[in-house]
Amino acid sequence: MSETLRNDVRRLIGEMSPLGSRTAQPTDRLVEDLGYDSLAVIELSLQLESQFSLKPMSQDDATAITTVGDIEELVVSSSTEAAAEIG
Amino acid sequence: MSVLVQNEAGFVPDITDEATTESPAERGSRLATSADLYRRWERQQWSVAEVNPSRDAAAWRALRPFSQEQLLGSLAELEVGEVCVTQTLGSLTDHPQTEDDRIYLCTQMADEARHVRFFQTYIEDACGVDLAEQQGRELAATADYAKVFAPELTRITSQVRIDGSPESWYRALVHYHLITEGVLAATALRTTRFLAKRLNLEALDEGLTNVTRDESRHVSFGLRAAADGVVNGYREVIADAHVEAIDAAAWVLIGPARHNPSPAIPMALASRAAQLQGSVDIGRERLLKQLRIIGMPELVESLDQLWTAGIDKALDAYEEAWDAQHPIRAAKAA
């Protein structure tokens, strides 16, 4: 489940890269490697929210998002928390 | 120093970025006269047909929903604002302070009509929204400028037609040239041009650059006329008009009627809040600079406080309307 989710998140990040749709790796840096800027990050966040039902996070949840893997981790932990709340 | 934006048609000076340390007399001799602005208008002609908005249609369709929604909202506010100023400029033209002002204001009337045509053509030909159909009508109807500022501008400019007094004329000038154009339109144009460049919408960038150049002339006229009014006995009415207009201006810049989602990921929320706060800051900065330029620096502090209170009120209204915090507040709370 978690690995599928990670793959889906990674695919979406690659598709939405401002440099053009590409295959993203967990170690890719959003800004330096994939060309994300402030507008692209907002669009990505809204897309992730609509596809993966993210709940709002505090600054503590995401102090250092730099790579694709960081976003994957954020989405996985948010969805795990959401599942725990439902359960 | 002026901030200059270059395109093929020349430079676009931002009048409020100029130095503001001169005396009122020095300012009066430096600000462009109506005759200067008329000559500038003759040199700075452009056409909607040459801009050709339809060339952006493919790039528009490729945009993400968020960018489309945000840009369409901005374009609707600009279009509604241009329609309103086209409808209301006549009374200022009928009762000018000088004959040179009348000639200049006639050139501005042509500009405003061209701006309406540009925004309408862009929304229809590039964005694919038929303004006569439901989506187009709703877009215009939900613009905060239409609901909040336009009725006030219409009322105040109508008063010029009724009594033709210089007091009414200067009150209308503040609402029209200094607030609607100098604060609201100038802020919206700057932020929308930034998006147009970022999203490679070439026709929009070119058209907005042309509109900005025209608006620079209009604001120059407003500053010159208001500066003259300040030294010629109309200081009080010009100050009152600013106080009257400020709440509505702050409201329009926040735009409580338009949904502004707060991204869940903190870095995205921070970016969104910074964009929106940036727009509020541009508006505030222009307002305060204009006050200095027209020779009313004593109003800066009190109007700054009123501006902040107006922004807070609009943020409260957003929260009430959408049952959620505006991104500016959500980012502070995160």
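The values are calculated or read from the model by the stated rules, or taken from the named source; none is laboratory data. Just so we're clear, the structure is a prediction, and the values are computed from it rather than from any experiment. Methodologically, a virtual Cβ is constructed for each residue, glycine included, from the backbone with ideal geometry; neighbour enumeration extends over all protein chains shown.
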Q) If you check every pair at least six apart or on different chains, which have Cβ atoms under 8 Å apart with a residue in the stretch B:117-132 that is within 14 Å of B:L208 (Cβ to Cβ) first and a residue that is small (G, A, S) and modelled with pLDDT under 95 second? A) B:I123/B:A76; B:I123/B:G136
Q) Mind checking which residues of the stretch B:27-79 are among the hydrophobic types (A, V, I, L, M, F, W, C), more than 28 Å from B:R292 (Cβ to Cβ) and in a helix (DSSP H, G or I)? A) B:V48, B:A49, B:V51, B:A57, B:A58, B:A59, B:W60, B:F66, B:L71, B:L72, B:L75, B:A76
Q | Qualifying residue in the stretch B:134-146 (condition: in contact (Cβ under 8 Å) with a residue 60 or more places away in the chain, surrounded by 22 or more Cβ atoms within 10 Å (Cβ to Cβ), in a loop (DSSP other than H, G, I, E, B) and of a type in the set (A, V, I, L, M)) | A | yes
Q.
Return the residues of the stretch A:15-57 that are in contact with a Leu (Cβ under 7 Å, 6 or more places away or on another chain) and among the aromatic types (F, W, Y); say none if nothing qualifies.
A. A:Y36
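Out of B:A273, B:A225, B:A248, I need the residue that is within 14 Å of another protein chain (Cβ to nearest Cβ), hydrophobic (A, V, I, L, M, F, W, C) and crowded, with 20+ Cβ neighbours inside 10 Å. Which one?
On the way: B:A225 fails: within 14 Å of another protein chain (Cβ to nearest Cβ); B:A248 fails: within 14 Å of another protein chain (Cβ to nearest Cβ).
When all the criteria are applied, what remains is B:A273.
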Q. Given the conditions (1) more than 20 Å from A:L54 (Cβ to Cβ); (2) touching a helix residue (DSSP H, G or I) at 6+ places or on another chain (Cβ under 7 Å); (3) within 11 Å of chain A (Cβ to nearest Cβ), and given that B:G278 satisfies all but one, which numbered condition is not satisfied?
A. (2)
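Taking A:T4, is it modelled with pLDDT of 95 or more and farther than 22 Å from B:F66 by Cα?
no
I'd like to verify a number: residues in the stretch B:160-213 that are more than 27 Å from A:A40 (Cβ to Cβ), in a helix (DSSP H, G or I) and of a type outside the set (F, W, Y), how many?
Quick first cut of the stretch B:160-213, residues more than 27 Å from A:A40 (Cβ to Cβ) only: B:160-185, B:210, B:213.
Narrowing the set further to residues that are in a helix (DSSP H, G or I) leaves B:160-163, B:166-185, B:210, B:213.
Now restrict to residues that are of a type outside the set (F, W, Y): B:160-163, B:166-168, B:171-175, B:177-185, B:210, B:213.
Residues flagged as more than 27 Å from A:A40 (Cβ to Cβ), in a helix (DSSP H, G or I) and of a type outside the set (F, W, Y) within the stretch B:160-213 amount to 23.
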Q: Please enumerate the residues belonging to the stretch B:176-193 that are under 13 Å from B:A225 (Cβ atoms) and touching a residue at least 60 places away in the same chain (Cβ under 8 Å).
A: B:Y176, B:L178, B:E181, B:G182
Q: Considering (1) assigned to a helix (DSSP H, G or I); (2) at pLDDT below 90, say which one B:V12 fails and leave the rest.
A: (1)
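Using the structure shown, decide if A:L12 is within 9 Å of chain B (Cβ to nearest Cβ), of a type outside the set (F, W, Y) and buried (at least 17 other Cβ atoms within 10 Å of the Cβ).
no
Checking the conditions here, which among B:A317, B:A324 is among the small types (G, A, S) and either closer than 30 Å to B:H218 by Cα or within 11 Å of chain A (Cβ to nearest Cβ) (or both)?
Values: B:A317 fails: either closer than 30 Å to B:H218 by Cα or within 11 Å of chain A (Cβ to nearest Cβ) (or both).
Of B:A317, B:A324, the one residue that is among the small types (G, A, S) and either closer than 30 Å to B:H218 by Cα or within 11 Å of chain A (Cβ to nearest Cβ) (or both) is B:A324.
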